[in-house]
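Working notes, structure below.
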Amino acid sequence: MDAYGAGDGVTAASGGLLDLLQVAAVVLDAGGYIALWSPEAEQLLGYSAEEALTQRADRLLVSPDDRVRARELFAQVGSGARWAGVFPLLHRDGTERPVEFRTMRLRDSHGQAHLLGLAADARTVRGVERDLALSHSLVRQTPVGIAVFDTDLRWVTVNPALERINGVPEADVVGRRVGEVLPGLDVAAIESRMRHVLITGKPLLDQQSVGRTAADAVERAYSESYHRIEDAQGRVLGLAMAVLDVTEREQAAAEVAQARQHLSVVAEAGVRIGTTLDLQQTARELADVAVPHVADLAAVDVLESVVAHGGITPVAGDAQVEFRALAVAAGYLTDAIHAADPVGELATYGPHRIITQCVREAGPILVERVDRPMMRRIARDARAAQTLRAAGVHSYLAVPLIARGEVLGTLSLYRTVNERPFDEQDRVLASELAARAAICIDNARLYGRERTTALTLQRSLLPPAPARQEGLDIAARYLPALSEVGGDWYDVLPLGPGRTGLVVGDVMGKGVQAAAIMGQLSTATRALARLDLPPAELLHHLDDLTGSLDTIATCAYGVVDLGRGTCALSSAGHLPPVLIHPDGAAELLDIPGGVPLGVGGVDFGTAEVEFTTGALLALYTDGLVENRGESIDVGLHTLTRLLQSSRRPLEQTSDMLLNALRPEPDDDVALLLVRATG
C-alpha cells in the first residue's frame, strides 16, 4: 500500500487538507461577470449562487476603494498572465475578508476567455502554513528521532535526529523495513509493537529496547513511543515512532540503583556483623553478608598470630604467611566451597600468592578475569585450582581486613554464576564491608586476649583443688562466662582441729581488674581466717579493705565446727546458702543483716545451724541461679530441688548442677559443696 492509501492512486480516498482549506472556485467571463459559483464560494463570502451569478464581480465583491486595482488584475490575468496573492473581498454581511487567490485564464470551446479563481480564506491558509512550518521545524530540529511508517511497516520519512541515531541517511531507509536497515535491533519486538498500534489505535509509550545501529558498534538503550496516524475521517495512514537514546539515563539509573544497593548492603552489614565478641562468629557474619550481595563464594582468613595469641606479626616481603581459615560461604550448592581452606585449619601461603600479597601490601587486589596462571596464585593447590575452574570461577577479589592500622587477614571473593566480573564499585563495597568487619574482628581479638589474661589470672588465684579436711567431703567448681570473665572465687581454709573456713565471693565488674581485686580479697580472707576471727568480724575487716579498693563485692563466709556439729555463717549481701539436713529436708538459710562489701556502715549478722553427719551445705555465686527474664527465686528453687534429690558423690553432683543450671553461662559461676561425713 502506498502513501495515497491505494495501489493505483485512482481509487484512493481523498485527503482532508482541501476540506480544511475549503477552496472555493469562481469563474468570470470576459466582461467580468460571474459565470460559475461553487458552494465553497458561498461558504466563504455568504452569497448564494442565485445572488452571485451574472453579477459584475467587482461591483458585488470589491469595495469602491479597491475596484481600480481589481480591474487591473482582471485585465492582467485576461491577457494570459497568472496572479496569486491576497485580496480583500466583501462578505454578504458587509465585512471585508482577506482571501488568498490562485488565478488563471481559461478558454471555452468557442475561444472565449474566462478567468478561473481558486480562493480560500487567507487566515485559514496562514494558520495551516504556520502549523506545517511548526511541525516541520519541530520534526527537523528536535533531538528526538522521529520516523513515519506506512501500514506495511515501511519507512516513509525520518528526521535528521533519527538519521544520526541510525547512522543511515533518509534516502537509504525510505521504502524499506526496519530489519532490512538495522538488523542489530530487536526487530521482532519493534514490528510487533507497530502492528499492535496499527490494529488497536492505542499508543505505546516509552518502550525500552537495547541494540546496535550503524551509528554505534556497542549496544545502546532506546526509548520508543508509537502512535497511529489517521486522517480526519479516521482512516489509518500509518504510524509515527519517536526514538530517544536513553543510554546515559539508563546508566545513571543503574548507578543510582547500585548506590542504593551499596548503602543497603552496608546498612545490613552494620546490623549483622559484630553481634558477638567471638572471632569465628564475626568472620562467619562477614562471609554471610558478602554472599550473595557481592560474590557467589566468600572466604575469611585471619593471620595465625591473631588467632593464636592475639598479636599481629608483620608480613615480610619474601616470607611465607600462616593463615587460619575462619569462615567460608557460598550462595548456592557448589563444589567450589571445598576448594577453600577448611574452616579452622592452618594454611601456609608463599610470598607470590595473591592472599599473601594482599596482606603484605595492605591493599585490595582485583583480578577481573582469572586465567590459568592466575588461578594457581589464588587456589591453595592444583586440585583446588581445578575445582574452582570447574565451578566457573572467572573473577576474583581479595580485600585486606585492616583495623587500627594493622592487617588482620583477608576477605576473598569469587564470582561463578554471576557473569559480571568484579569492578571498581565492587572493590569499594567489599572494602567497606571488610573495614567494618575488621574493627569487629579486632575487638574480638583484643577481647579474647584480655579474657585469656583475666582467666589465667583468675585460675592462678583460685585454689587448684579444695584442701581435704577430716570429717568433710568437699567439691568445688569455677566456670568462667562465655563472654567476659568476672571476679567470682571460692576457698576452703583449715582453721585448726575440726574447724574449717568456707568462703564464696563475687567482685562486681569484669575482666582483668575484677580478677585482680578478687585476688586481693581472696588473699586478705586467707590472712584474716588464720586469726580465727568470727565470721561477722572477718567480713567487717574485708569491708574496710574493699572500700579502700573502690569496688563492691558480695561474700558468704562460714566456719564448720565438727566438734560442736555446727556451722556459723555470715553474709555480705550474698545469696543465701542451701542446707540439706541429714533427713533430706532442704533450707535456704536466712542470715541476718549484711550489705555488700565496700558499702560500709552496716554490721554483719551471724546464723548458726546444725551441721552433723549427712548434712550438705552449698555456697554459690549468682551466676549459677540467675536467668535473664525470670525471677531469681526460680533459680533458687531449682537449685534446692536438685540438691535435695541428688544422692550422688559431690563431684558428680557439682557437674550435674552446672549442666542443669548453667550449660553456657553468661556470668561466672563459683560453687562450693561441703558434706559432713562424721
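Values as computed for the structure displayed
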read-out	value
Residues that are part of a helix (DSSP H, G or I) and loosely packed, with under 13 Cβ neighbours inside 10 Å, drawn from the stretch 70-103	GLU72, ALA75
Subset tally (residues that are closer than 14 Å to ILE146 by Cα and surrounded by 13 or more Cβ atoms within 10 Å (Cβ to Cβ)) for the stretch 168-193	5
Looking only at the stretch 539-553, and only at residues there that are in a helix (DSSP H, G or I) and closer than 14 Å to VAL595 by Cα, the one that is modelled with the lowest pLDDT	GLY547
Any chance GLU664 is under 43 Å from the mean Cα position of the chain (by Cα) and either at pLDDT 90 or above or among the charged types (D, E, K, R) (or both)	yes
Matching residues in the stretch 383-405 - criterion: being farther than 24 Å from VAL359 by Cβ and of a type in the set (A, V, I, L, M, F, W, C)	ALA390, ALA391
Residues within the stretch 588-627 that are assigned to a loop (DSSP other than H, G, I, E, B), of a type in the set (Gly, Ala, Ser) and touching a helix residue (DSSP H, G or I) at 6+ places or on another chain (Cβ under 8 Å), tallied	4
Qualifying position, being in the same structural domain as THR554 (by TED's automatic domain parsing) and either farther than 23 Å from ARG564 by Cβ or not aliphatic (A, V, I, L, M) (or both), among VAL602, VAL609	VAL602
Criterion: part of a helix (DSSP H, G or I) and among the β-branched types (Val, Ile, Thr) - qualifying residue of VAL174, VAL197, VAL156	VAL197
Residues being in a helix (DSSP H, G or I) and surrounded by fewer than 14 Cβ atoms within 10 Å (Cβ to Cβ) - total across the stretch 23-50	4
Scan of the stretch 388-444 for residues that are outside any helix (DSSP H, G or I) and of a type in the set (Lys, Arg), ordered by number	ARG404, ARG415, ARG420
Tally, over the stretch 404-433, of residues that are farther than 12 Å from VAL302 by Cβ and of a type in the set (A, V, I, L, M)	6
Residue list for the stretch 295-339, filter: surrounded by fewer than 22 Cβ atoms within 10 Å (Cβ to Cβ), touching an Asp or Glu at 6+ places or on another chain (Cβ under 6 Å) and either more than 30 Å from GLU419 (Cβ to Cβ) or not assigned by TED's automatic domain parsing to the domain that holds LEU429 (or both)	GLU304, ILE312, GLU322
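The values are calculated or read from the model by the stated rules, or taken from the named source; none is laboratory data. Here the structure is a predicted model, which is why all the values come from computation and not from measurement. Note: ideal-geometry Cβ built from the backbone for every residue, glycine included; neighbour counts use all protein chains shown.
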